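Readers should treat all values here as calculations from the given coordinates under stated rules, not as data from a laboratory. What you see is a predicted model; the values in this text were computed from it and never measured. No Cβ is skipped: glycine too gets one built from the backbone with ideal geometry, and neighbour counts run over all protein chains shown.
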Amino acid sequence: MTDNLEQRLTAEFRAGDYDIPVDAVAISGAVRRRRARRSTAAVGASVVGIAVLAVGGVAVVRSLPPGGTASVHPATSGQASQGPGQDLRLAGVPVRSLPAGARPAVDAKAALAVEPTLESLPESGDRAVLSVNPPSGGVTRIVVVVDSQSSGQGLPGVPGDYEWLGRLQGAKGLATDHAESSTAYFTAGTPSGRWWFVAVTGADEAGRLAVLEAIVTNSVPST
Amino acid sequence: MAATTFDAFLQEALPGLARYANVLTGDRYAAEDLLQDTLVKAAGAWPRMRQDGNPVAYVKTVMVRTHVSWWRRHRPTRPLTEDIRAQDSGLGTVEDRDQLRRALAAVPPTQRAVLVLTYFDGADDAEIADLLQRRPATIRSLRHRGLQGLRRHLSSTELAGVAASSDHRETS
């Protein structure tokens, strides 16, 4: 037995039972695979990042009024049509799983002006502004835009790593929650070339995210 | 002869690196994770490592830094298991070593890294400070706290006596 703590530590760390059997071939293969995955992910992230920056930059520049800053443009009701208990249709595609009280706003501009206002709204595309009365899960307003031409613009808020984003059958989606505007945002491009934008406004974060999930997962994959 | 490829380097150095990871973590499974994380990082730097002429030291540096940062993100690890129990290798009683290992398992990772670099590698404060990107005074403080932590855990009268008479390096 050693006679002080330092010597005991030296002896301990140098003891043979810290050896662990490792297979150099297996480790080498695992390292190679992980490096390959990392490289692929890095390239993918770079490409997506550059594309988002480029398209987002163009969108921001286009939305800037002369000498002013970016602003949210009011939407029109477009071709939105929905009766009680029916799915809404935009650009020929159904928007499903809307809350029971959701109705197209009579005055879309006025509905969009109700506080909290949206921080982001595509300028073009087939759109609907829905008021939810009575509120469902705290949700009071839903905005859906399909096939916007300014589809690449960024979303406000904090991106969420939501499990349901992986259930969109190939559509590449981004969802964020923006506390200041009490709104959950979603945007996605589908493999068939459709572009979606959904904004769900409500005081309760869990409530608005649940409504967003329901609409997106039941509407986007089929397009 | 120095290895010319990263695979050849692994063949030569892997047992020592695996052991070093185990000494650093004190947990075989955490050691395997740390080893892989380290090698994934190091593989990309192979040309530079080879040029520097001491790839083992380079990988160890990456490993220590990864371990310290990895712990920050993942602590705590698994609870103490049978794996931690020392085997009798003639360095003291099995009970003594078992007690020491359990005490070491409670030492925070940066302090443990300093203890390993000091008592396993024989590195001086300046070298450790450079490796961990801290000041030498911080290294002395970390070692002091690491040894104090060990003392607290070594509760038997015999080991407390051992601890009190030790650590002249700490106070010098």
So how do B:139, A:142 line up by other beta-carbon neighbours within 10 Å, fewest first? B:139, A:142
Using the Cα centre of segment A:81-219 as the reference point, and only Cβ charges (+1 on K/R, -1 on D/E), how large is the resulting charge dipole? Debye, rounded to the nearest 20. 460 debye
Label-point separation (nm) for residue B:65 and residue A:89, each offset 7 Å from Cα along Cα-to-Cβ? 6.1 nm
Take A:106, A:132 and order them by how many other Cβ atoms sit within 10 Å, fewest up front. A:106, A:132
Put in order of increasing Cβ neighbours within 10 Å, starting from the fewest, A:163, A:205, B:32 give A:163, A:205, B:32
Once you order the gyration tensor axes a ≥ b ≥ c over the Cα atoms, which shape class does segment A:90-223 get: rounded for a/c under 1.5, otherwise prolate or oblate by comparing a/b with b/c? rounded
Roughly how many nanometres apart are two label points built 7 Å out from the Cα toward the Cβ at residue B:4 and residue A:164? 5.9 nm
